[in-house]
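Written below as structure tokens is the structure these notes are about.
FYI, it's all coordinate maths here, none of it is from the lab. Here the structure is a predicted model, which is why all the values come from computation and not from measurement. Please note: Cβ atoms are built from the backbone with ideal geometry, for glycine as well, and neighbour counts cover all protein chains shown.
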Amino acid sequence: MAKEEAKKDNVLRLTSIALASLAAGVWDNLGDSSFALSGPMGEEILQMMEKEMGLEIVGEKPEDVLREITRIFIDEFGFAREIEIETYDGGNKIVLKVKSCINRAFTDKLAAAGVEKPFICPIMNACSAALKRHGFRVHEDVAKWAEEGGSIITLVRV
């Protein structure tokens, strides 16, 4: 019988397999329209961060909220080494440069399964959902950043 630590590892493996299979199936059927499913994911992540990690969105500037979300991903989850936030076009375009993303290997598995854009990216989805709460409707895009072992996330206000 497996020890408790091995059981936890096995549960994580099963969850990863299920999520990757689901993401691949959704992408196969919907393609870029898969991004329509990103909003509910991001909203769930935001709610968890608000309830458990003290994230405050109401009354804050969108840029400050994004900085706090990325800080939580780095400090509380160890999800990345660094996340740079750059704004363009008067704040209508936001680029997040995620360095040393812990999810890189999983995202590569998704790509190998045919998922061209990792629409399930938690950082992208949480940031997009936060902007939506501020009244922004954004178009999301995410691309592999091989040089830094991460991703470049682009959010453009539409």
Proximal lysines to K8, defined as alpha-carbon separation beneath 17 angstrom and excluding residues fewer than eight positions away on the same chain: none
Sites E44 and F106, calculated FRET efficiency, Cβ-Cβ separation with R0 22 Å, nearest 0.05: 0.75
Please report T107, T87 as a ranked list, fewest other C-beta atoms within 10 angstrom at the top and most at the bottom. T87, T107
State, in angstrom, two size descriptors of the stretch 70-158 derived from its alpha carbons: Rg to one decimal place and Dmax to the nearest whole number. 12.7, 37
Explain nothing, just the number: dipole magnitude of the chain about its Cα centre with +1 on each Lys and Arg Cβ and -1 on each Asp and Glu Cβ, in debye rounded to the nearest 20. 260 debye
Rank G90, F79, L19 by how far each Cα sits towards the positive end of the charge dipole of the chain (+1 on Lys, Arg Cβ; -1 on Asp, Glu Cβ) and give me just the farthest. L19
Consider all pairwise Cα distances in the chain and report the whole-number % of them above 20 Å. 51 percent
Indicate the gyration tensor shape class of the stretch 1-71 (rounded, prolate or oblate), computed on the Cα atoms with a ≥ b ≥ c the square roots of the eigenvalues: a/c under 1.5 is rounded; otherwise a/b larger than b/c is prolate and the rest oblate. oblate
Order by neighbour count: L66, L37, L55, fewest other Cβ atoms within 10 Å first, most last. L37, L55, L66
Can you put S151, S34, S21, S100 in order of Cβ neighbours within 10 angstrom, beginning with the fewest? S21, S100, S34, S151
Among the aspartates and glutamates, which fall within straight-line cross-link reach of K117, defined as a Cα-Cα distance under 13 Å, with same-chain neighbours fewer than 8 residues apart omitted? D28, D32, D108, E140, D141
Under 23 Å from the Cα of K51, which lysines turn up, not counting those fewer than eight places away in the same chain? K61, K132
With only helices counted (DSSP H, runs n ≥ 4, each -39500 (n - 2.57)), the per-residue ellipticity at 222 nm for the chain, to the nearest 500, works out to -16500 deg cm²/dmol
Pick out which of I57, I17, I102 has the largest mean-square fluctuation in a Gaussian network model of the chain, springs linking Cα atoms closer than 10 Å. I17
Pull out the extension gain between V158 and E56, defined as 0.36 nm times the separation in residues minus the alpha carbon to alpha carbon distance; nm, one decimal. 34.3 nm
Ranked by GNM mean-square fluctuation in the chain (Cα springs under 10 Å), the top entry among K117, K51, K109 is K51
